[in-house]
There are 2 protein chains.
Amino acid sequence: MEMVSHRAGDASPTNKTSARPIVAVEVDLYRIPLAETLSDAGHGLHTHFEIVTCRIVCADGYEGTGYTYTGGRGGSAIRALLADEIAPLLIGADADDIDGLWARMRAWLHYLGLGGVAAFAVAAADIALWDLRGIRLGKPLCELAGGHADQVACYRGLIDLGYSDDQLLDRVAAELAAGHRGIKLKVGRPDVATDVRRVRAVRRLIGSERSLMADANYSWDADSAIAFARAVDDAGLAWFEEPVPHDDHAAYAKVAAATAIPLASGENLRTLAEFRDVASHGSVAFLQPDASNIGGITGWLEVASLARQHNLPIASHGMHELHVSLMAAQPNAAMLEIHSFPIDQYTTNPLPIQNGTALAPQNPGNGVAFDQKLIRPHLAS
Amino acid sequence: MEMVSHRAGDASPTNKTSARPIVAVEVDLYRIPLAETLSDAGHGLHTHFEIVTCRIVCADGYEGTGYTYTGGRGGSAIRALLADEIAPLLIGADADDIDGLWARMRAWLHYLGLGGVAAFAVAAADIALWDLRGIRLGKPLCELAGGHADQVACYRGLIDLGYSDDQLLDRVAAELAAGHRGIKLKVGRPDVATDVRRVRAVRRLIGSERSLMADANYSWDADSAIAFARAVDDAGLAWFEEPVPHDDHAAYAKVAAATAIPLASGENLRTLAEFRDVASHGSVAFLQPDASNIGGITGWLEVASLARQHNLPIASHGMHELHVSLMAAQPNAAMLEIHSFPIDQYTTNPLPIQNGTALAPQNPGNGVAFDQKLIRPHLAS
């Protein structure tokens, strides 16, 4: 299908008289090939990524666009949920009532499980509503989302498990030349020694002042993760991401007790209850929500609030073109991940990065505009 | 779409040479209207339910059919995930390797979140593989799934929140006349006193010997749930189901500490880690997995095993035509729920119930066959 469109008059659940009634919701799926096949220890090969967009139009002509990502799988299911369940729910509703609509979408989809595809679908709609609000108010997202600052420290997240050592070092050198001051590399091989060697080599290359992180994509058990952490104890890792499966609290506790390297987790936490439980257990030092899979900006800000309540820094996973505004807005922001999916090739305003700092867009709304000429050829059937 | 079909030769991830290669996977979605609109405190009105079927065919001609349910929302997303992600993964794989395929499906869909739509989609495929195994071996599911017995005690689960008191009592009387010896009714109103009155009225009607349960569909907070539990303390409830949200362990603990009525939970737990956490917390006395949303028979049996490890009885939610075989097979089975979705009107072998006992089918495979003449008119576009 080229475009799924719902307009006023379609079947719609009971919406009270609305100040800003939504009259149209349009959903599109794009499958975008990667220039190189990327790999990590958890997800295997990445050959492309998917974006599902959700455009919401109000009766007065204002509109906003939201979207979500996948790593290349499941976009059609997200599209179906948006088109068949969320769009009919939104038509006629008040676009200004973001909190109310977030609660309604989640209640409507509850039995399908909020910890899965629903979290992505709600995200696309929620991000569209925030875009619409910003455009209507003439304010940028970083101001609406907290307003702490308009820039944030960032790092380059590589998906480099398939690179040779030489390729890895060449790539890191190129990232430094491009203005990055922090690097995250993938680990999680059955052969821990290889990962240790690569971490040491990258540390030597970037020097002691720049930030270095390692990400095992939940592929190790506690013993392997501990062996790795102990072996790189002197490499000055800023954090060790997803050493073990996100929902294995006992394994996280075991790893946390065995190393002084702070642990990080978040990209596979899909509900606020999951983040709350992780924060309460106390083994994870950096919470890393991703607005594209935690129910959008509303969900991300809830996790940021949770992090503040637990005196934890917040980091972000993926979606840097949007997270730059959310991260800049938070007083407890750590570092913004600049993800390896090349989204900046498909937007009209690539994210400016200077000396390891990313600048939040100042135009009204979310500050992310897809270049239709570039993205339209990737529309999925 | 009328039918989504994948056949050998379609793009397929690497499958080793297989003894029983899968050559076709067909997926269909049915939307079936309910004769009466049902309601509960969590999901609101039910006007229809959905079934997504998955037919798997092997090269040697053997085939099996699995399926999953929704409460009327999200079927098209489940269909998309089965057709676009799971079917290509299964083509060429060994149908006998159920455990291996279960792990592969879950790994493939991991980033989409196993706690949501993926759990339903994997369920439909997994149930088809079990059906295929049973048919090939000439054995019924109750034997393959443990073989403890070929029958199990059951109760009638009503979705009666919208009934008047008189309608409720008439309906309960009719259920007793139809051979049921246990009743579960819905509670969870803001007005706790009304729910207390209805529980007492049903207990008076059915007498002290029959089983009575109450289900709040996660709609109360701990204080309201405790107020209800204390008020019905002398009504002899066998369990109090979903008093509070499934992922609020603190609220479950608070309710459990305040009442002697055993608590039950499971229909909204979508991953084994969630069941493990609930069992470990110790507040829930009856685990209630649903094969249609916990990844199929493989997932359900994992939860049954977990229940045994924690010395807990296992109950089931929904899908009685299939769960009868799984429950009968377990030594720690409590009672099978006979659900209010009228599936028996669409199968060739309605579940026989005699004096509160349900008899597991003895034909090879899962023992569930849809009557194509009756279900086909409800095929969704």
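Taken as a whole, the structure leaves A:Ile261 outside the set of residues that are in a helix (DSSP H, G or I) and either over 25 Å from A:His46 (Cα atoms) or modelled with pLDDT under 95 (or both).
I'd like to check something: does region A:208-217 contain any residue that is of a type in the set (Lys, Arg) and more than 23 Å from A:His339 (Cα to Cα)?
Filtering region A:208-217 for residues of a type in the set (Lys, Arg) gives A:210.
Subsequent filtering for residues that are more than 23 Å from A:His339 (Cα to Cα) retains none.
No: region A:208-217 contains no residue that is of a type in the set (Lys, Arg) and more than 23 Å from A:His339 (Cα to Cα).
Put simply, of A:Ala360, A:Ala333, A:Ala307, A:Ala329 the only residue that is over 30 Å from A:Thr37 (Cβ atoms) and open to solvent by 30 Å² or more (accessible area, probe 1.4 Å) is A:Ala333. For B:Leu29, the test of being open to solvent by less than 30 Å² (accessible area, probe 1.4 Å), modelled with pLDDT under 95 and in contact with an Asp or Glu (Cβ under 8 Å, 6 or more places away or on another chain) is failed. Filter region B:7-26 for residues that are modelled with pLDDT under 85 and either open to solvent by less than 30 Å² (accessible area, probe 1.4 Å) or within 19 Å of the chain's Cα centre (by Cα) (or both) and give the result. Passing the criteria: only B:Ser18.
Counting the residues of region A:262-274 that are without any contact (Cβ under 8 Å) to a residue 40 or more places away in the chain and more than 13 Å from chain B (Cβ to nearest Cβ) gives 3. Being surrounded by 24 or more Cβ atoms within 10 Å (Cβ to Cβ) and modelled with pLDDT of 95 or more: is that true of B:Arg156 here? So B:Arg156 passes the test.
The sole residue among A:Asp290, A:Asp277, A:Asp215, A:Asp247 that is within 14 Å of chain B (Cβ to nearest Cβ), within 22 Å of the chain's Cα centre (by Cα) and over 24 Å from B:Trp108 (Cβ atoms) is A:Asp277. When region B:272-292 is filtered for residues that are closer than 16 Å to B:His249 by Cβ and in a loop (DSSP other than H, G, I, E, B), the ones remaining, listed by number, are B:Gly282, B:Ser283, B:Val284, B:Ala285. Filtering B:Asp60, B:Asp160, B:Asp96, B:Asp165 for residues that are acidic (Asp, Glu) and within 30 Å of A:Glu85 (Cβ to Cβ) leaves a single hit, B:Asp160. The single condition from (1) open to solvent by less than 10 Å² (accessible area, probe 1.4 Å); (2) in contact (Cβ under 8 Å) with a residue 60 or more places away in the chain that B:Gly179 fails is (1). Identify all residues within region B:187-219 that are within 23 Å of B:Leu45 (Cβ to Cβ) and touching a residue at least 60 places away in the same chain (Cβ under 8 Å); write none if there are none. Hits for region B:187-219 are B:Val187, B:Gly188, B:Arg189, B:Asp215, B:Ala216, B:Asn217, B:Tyr218, B:Ser219.
Within region A:214-246, the only residue that satisfies the criterion of being of a type in the set (Val, Ile, Thr) and farther than 18 Å from A:Leu161 by Cα is A:Ile226. Taken over region B:23-69, the criterion of being touching a Leu at 6+ places or on another chain (Cβ under 9 Å), within 19 Å of B:Asp371 (Cα to Cα) and of a type in the set (Asp, Glu) is satisfied by B:Asp28, B:Glu50, B:Glu63. Across region B:186-203, not a single residue is classified as under 25 Å from B:Ala333 (Cβ atoms) and modelled with pLDDT under 95.
Residues that are within 10 Å of chain A (Cβ to nearest Cβ), free of Cβ contacts under 8 Å to residues at least 12 places away in the same chain and open to solvent by 10 Å² or more (accessible area, probe 1.4 Å): list the helices (runs of 4 or more DSSP H) wholly contained in region B:71-129 that include at least 1 such residues.
Once the helices (runs of 4 or more DSSP H) in region B:71-129 are filtered for at least 1 residues that are within 10 Å of chain A (Cβ to nearest Cβ), free of Cβ contacts under 8 Å to residues at least 12 places away in the same chain and open to solvent by 10 Å² or more (accessible area, probe 1.4 Å), what remains is B:75-81, B:98-109.
Annotation note: of A:Asp170, A:Asp150, A:Asp166, the sole residue that is more than 14 Å from A:Arg210 (Cβ to Cβ), open to solvent by 40 Å² or more (accessible area, probe 1.4 Å), in contact with a helix residue (DSSP H, G or I) (Cβ under 7 Å, 6 or more places away or on another chain) and modelled with pLDDT of 95 or more is A:Asp150.
Summed over region A:130-142, the residues that are touching a Phe, Trp or Tyr at 6+ places or on another chain (Cβ under 8 Å) and either within 14 Å of chain B (Cβ to nearest Cβ) or open to solvent by 10 Å² or more (accessible area, probe 1.4 Å) (or both) give a count of 2.
Every residue, every condition in (1) over 15 Å from B:Val284 (Cα atoms); (2) open to solvent by 30 Å² or more (accessible area, probe 1.4 Å), yes or no:
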residue	(1), (2)
B:Arg204	yes, yes
B:Ser211	yes, yes
B:Trp220	yes, no
B:Ile226	no, no
B:Gly236	yes, yes
B:Pro243	no, no
B:Asp247	no, yes
B:Ala250	no, yes
B:Ala256	no, yes
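Among residues of region A:236-261 that are under 13 Å from A:Ala225 (Cα atoms), those with a Cβ under 8 angstrom from a residue that is among the hydroxyl-bearing types (Ser, Thr, Tyr) and not in a loop (DSSP other than H, G, I, E, B), sequence gap 6+ or separate chain, pair up as A:Glu241/A:Ser265; A:Glu242/A:Ser265; A:Pro243/A:Tyr252; A:Val244/A:Tyr252; A:Tyr252/A:Ser265.
Looking at B:His339, B:His310, B:His378, B:His317, can you tell me which residue is closer than 20 Å to B:Ala145 by Cβ, of a type outside the set (Asp, Glu) and out of contact with any helix residue (DSSP H, G or I) (no Cβ under 7 Å at 6 or more places or on another chain)?
Answer to the selection: B:His317.
The values are calculated or read from the model by the stated rules, or taken from the named source; none is laboratory data. Predicted model only: the values in this text are computed from it and were never measured. Cβ: placed from backbone, ideal geometry, glycine included. Neighbour counts: every protein chain shown. Just the protein is used for accessible areas: all its heavy atoms, side chains included, with ligands, DNA and RNA removed. Shrake-Rupley method; radii C 1.70, N 1.55, O 1.52, S 1.80 Å.
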